[in-house]
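Below: the structure, in structure tokens.
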Amino acid sequence: MPDRYGGEFHNVSNRSLSLGLLAAFAVLIGIVAGMVVLRPATVQIQSGTLLQQPRPIADFSLNGSDGKPFTKADLAGHWSVIYVGYTHCPDVCPTTLAQLKAVEKGLGADAAKVRFIFLSIDPERDTPETLGQYTHYFSPDFLAVTGPNAQLDTLGANLGFVYAKVPGETPQSYLMDHSSALILVDPKAGLAGYLTPPFKTESLVSDLKQVIGKPS
Amino acid sequence: MKYSAPLAIALLACAACAPAFADCKGLKVEDAWIPEGPPVAAVLAGYGVLSNTGDKPLHIDSVDGADFGSVELHQMSMDGGMMTMRPLKGLDIPAHGSVALADGGKHLMLMNPKHPFKAGDGSSIGFHCGKDVTQVPFSVRAQP
């Protein structure tokens, strides 16, 4: 008797276990399939971070070096790489702009899909006109923009950049601290991510090519 | 002991006048260059490698150049994603040591150029150590 009942019990247990395992396996398959199907398309980049979902940017109004206002609408329709700096910065700003020129060249035909923007956080000394002359020395295709501090602050809060004025020996020799990352904006004018230093031209080119190729 | 007072005075006087005797002897500047910048640039950078071939530490108090309104020594640094730049109060070069002035670090801040500079141009920059000064020829080069 114990053997028979025991045997039956054993058989039932085996069947239950098999069914349970099958169900668990099915659930697991479902979870994995769901993760694959529902996962947002992500692109891995070498030089920074892409946001899982682009973040909307609030309206703003700056002045472009082309003499036109520069607003959120000007960010739409193409990728934008925004570099925050100022022209009284002798070291890292011209070096980065020269590097962006090399990146633009490295992008080849894809360069037409990207707009490089030099955003000055020093509107007191950088007029749109001198800013344009400064920036076009590096590339005539680059756009330079600046604007009132209130607008720069709004945009900074949206794009995630900060800046601060540091007094110098004379009222005109002050310095500016500023965020160092390149800001990436997608063709729908959404904040897409950041490229962070140290910048390597080859990595920036390959990252931008990958990002441009990603459906947005 | 009666000589101790004059001796002390002499020693003090010597200590006080020591900086006046400081010189730039042993200062060697290699690869001194200025990256060509936009003609409208109000500020240019100066780079190079400053070596001290002497047995005593060198202190550079200030830097100047006839082609610029003023010249300062600056330190660029990145801190928590922020680029910051601060003026340096002089520069110490240890005996038989060297200090690099390079992109993203210490550099010369050449302010208010009196004329635009193009690749191939040159400019003389003076490094002051006490009352002594060493003039160093810098050459303007295109950004690499």
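For the stretch B:57-72, the criterion of being modelled with pLDDT of 95 or more, more than 15 Å from the chain's Cα centre (by Cα) and crowded, with 16+ Cβ neighbours inside 10 Å is met by at least one residue. Does residue B:44 satisfy the condition of being over 19 Å from residue A:167 (Cα atoms) and in a strand (DSSP E or B)? The answer is yes for residue B:44.
Condition check ((1) of a type in the set (S, T, N, Q); (2) in contact with a His (Cβ under 8 Å, 6 or more places away or on another chain); (3) under 18 Å from residue A:98 (Cα atoms)) across all residues:
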position: A:121; (1), (2), (3): no, yes, no
position: A:125; (1), (2), (3): no, yes, no
position: A:136; (1), (2), (3): no, no, yes
position: A:151; (1), (2), (3): yes, no, no
position: A:159; (1), (2), (3): no, no, no
position: A:174; (1), (2), (3): no, no, no
position: A:192; (1), (2), (3): no, no, no
position: A:206; (1), (2), (3): yes, no, yes
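Each residue in the stretch B:88-104 was checked for being within 14 Å of chain A (Cβ to nearest Cβ) and either at pLDDT 95 or above or under 12 Å from the mean Cα position of the chain (by Cα) (or both), and 5 of them qualify. Only a single criterion out of (1) modelled with pLDDT of 95 or more; (2) within 14 Å of chain A (Cβ to nearest Cβ) is not satisfied by residue B:79, namely (1). Among helices (runs of 4 or more DSSP H) entirely within the stretch A:91-193, having at least 2 residues that are away from chain B (no Cβ under 14 Å) singles out A:92-107, A:149-159. Scanning the stretch A:86-111 for residues that are of a type in the set (A, V, I, L, M) and within 18 Å of the chain's Cα centre (by Cα), we see that the one that is surrounded by the most Cβ atoms within 10 Å (Cβ to Cβ) is A:103.
The values are calculated or read from the model by the stated rules, or taken from the named source; none is laboratory data. The structure displayed is predicted, hence computed values, not measured ones. Here the Cβ is made from the backbone with ideal geometry for all residues, glycine too, and neighbour counts use every protein chain on show.
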